[in-house]
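The values are calculated or read from the model by the stated rules, or taken from the named source; none is laboratory data. Keep in mind that this is a model prediction, so the values were computed, not measured. So basically every Cβ, Gly included, is an ideal-geometry build from the backbone, and we count neighbours across all protein chains shown. Just so you know, the surface numbers come from the protein's heavy atoms only, side chains and all, with ligands and any DNA or RNA stripped out. Shrake-Rupley method; radii C 1.70, N 1.55, O 1.52, S 1.80 Å.
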Amino acid sequence: MTIETMSTSKAHGGVQGVYAHDSVATGTRMTFSVFVPEHEEGEKLPVLWYLSGLTCTHANVTDKGEFRRPCAEHRVIFIAPDTSPRGEGVANDDAYDMGQGAGFYVDATEEPWAKHFQMRSYIEQELPALIAEHFPMADMDAQGITGHSMGGHGALTIGLRNPDRFRSVSAFAPIVAPSQVPWGEKALGGYLGPDRAAWRQADAVALIEDGARVPDLLVDQGDADQFLTEQLRPELLAEACEKAGIALTLRMQPGYDHSYNFISTFMADHVVWAAERLRQ
């Protein structure tokens, strides 16, 4: 597998790069960013994946996430994929919450989405293999995952489905139970079809109810988030974790909304959370 370097620049002693490749999973050109802290030759560094939310690309967190300083201090590689396949011939929807920019990190089975919208396979299989091949300093035995909103949903579900791979799982304002909120009902119904049993593997609360386990979770949620009560519903995750015995740290942050002003404020905490678990 080959990648194209779109840009690199020095930041906090390390290198911030943007890369592109032809994806087998999606059948499209995909772009992602990687920050590699300064390190010794031959040194292995843990990896933190960040999954972005609706309408975003790799660029939103790369430009506004303020992750480079804590990643440099704690020597953590930070990887930000795109949120969906894109381009001519890729199915789309007129609304912002379906189609390009809204892949929901699932493998679509329904038309017209199934041809390209294979984001679960892309994130869980193809892109990690590409990182392992082209970034030899990445310790693929020490991976964590986080994300925001739709990407928080992705981080929680991928982490819960792959507890042996991800030692650290956290999220910012995640969609915790997409089967029970409008964003998720539209997306999962469109991508996976009307059988709600097929949705359970793409729903963090349902996964926990069905037996998925991780040792602990960190979730930050602004209490002034305009999507809190209708779309995010963190109380459902808290109830599921309490019943399952999962140690959930749910921090309701007074006055914070859904924006990158919120994410950037608490990004360092999530990097530290990951670094502590990835070096155990």
* Take peptides 33-39, 203-209, 19-25, 99-105 and line them up by average Cβ neighbours within 10 Å, highest first, as a rough protection proxy. => 99-105, 203-209, 33-39, 19-25
* Structure fact -> Carbon/sulfur accessible area of the chain, % of total, 1.4 Å probe, equals 46 percent
* **Spacing of the two label points (7 Å from each Cα toward its C-beta) at His39 and Gln280, in nm** => 2.1 nm
* What are the lysines whose alpha-carbon lies under 22 Å from the alpha-carbon of Lys115, with same-chain residues fewer than 8 places away excluded? -> Lys186
* Asked: Got a sec? Which residues in the stretch 149-189 would a label at Glu110 touch, if it sits 7 Å along Cα→Cβ and we count backbone N under 20 Å?
  -> 150-151, 153-154, 175-189
* Give the label of the value calculated from the structure for Kirkwood radius over Cα pairs in Å, choosing from (1) 18.5; (2) 20.5; (3) 19.6. => (1)
* Asked: Separation between the Glu235 and Asn92 pseudo-spin-labels, each 7 Å from Cα along Cα→Cβ, expressed in nm?
  -> 3.9 nm
* To do: Choose one of His58, His12, Val219: the residue whose Cα lies farthest towards the positive end of the charge dipole of the chain (beta-carbon charges +1 Lys, Arg; -1 Asp, Glu; about the Cα centre).
  => His12
* If you place +1 on the Cβ of every Lys and Arg, -1 on the Cβ of every Asp and Glu, and leave all else neutral, what size is the dipole of the chain about its Cα centre, to the nearest 20 Debye? -> 320 debye
* Asked: Which order do peptides 261-267, 3-9, 141-147 fall in by mean Cβ count within 10 Å, highest first?
  -> 141-147, 261-267, 3-9
* **Listed peptides 228-235, 216-223 by packing density, highest first (mean Cβ within 10 Å)** => 216-223, 228-235
* Asked: What helices in the chain pass both tests, a Cα length along the helix axis of 24 Å or more and a mean Kyte hydropathy of -1.0 or higher, using whole DSSP H runs?
  -> 260-278
* Structure fact -> Rounded to the nearest 500, the 222 nm mean residue ellipticity computed for the chain from DSSP H runs (n ≥ 4, each -39500 (n - 2.57)) alone is -8500 deg cm²/dmol
* the stretch 62-192, dipole about Cα centre (Lys/Arg Cβ +1, Asp/Glu Cβ -1), debye to the nearest 20 -> 400 debye
* Structure fact -> Treating only Lys and Arg (+1) and Asp and Glu (-1) as charged, each at its beta carbon, one finds that the stretch 191-235 has a dipole about its Cα centre, in Debye to the nearest 20, of 240 debye
* **Stretch gain in nm, segment Lys10-Thr55, where the contour uses 0.36 nm per residue and the Cα spacing is subtracted** => 13.5 nm
* Probe 1.4 Å, protein heavy atoms only - accessible area per residue of the chain in square angstrom -> 40 Å²
* For the pair Gln180 and Ala268, what calculated FRET efficiency results from E = 1/(1 + (r/R0)^6), where r is the Cβ-Cβ distance and R0 = 25 Å, to the nearest 0.05? -> 0.20
* Can you tell which of Gly89, Phe78, Phe262 lies farthest toward the positive end of the dipole of the stretch 3-279, using +1 and -1 charges on the Cβ of basic and acidic side chains (Lys, Arg; Asp, Glu)? -> Phe78
* Structure fact -> Any aspartates and glutamates whose Cα falls less than 20 Å from that of Lys44, other than same-chain ones fewer than 8 residues away, would be Glu73, Glu133, Asp139, Asp141, Asp164, Glu276
* Mind jotting down the distance between the C-alpha centroids of the stretch 265-280 and the stretch 79-119, whole Å? => 30 Å
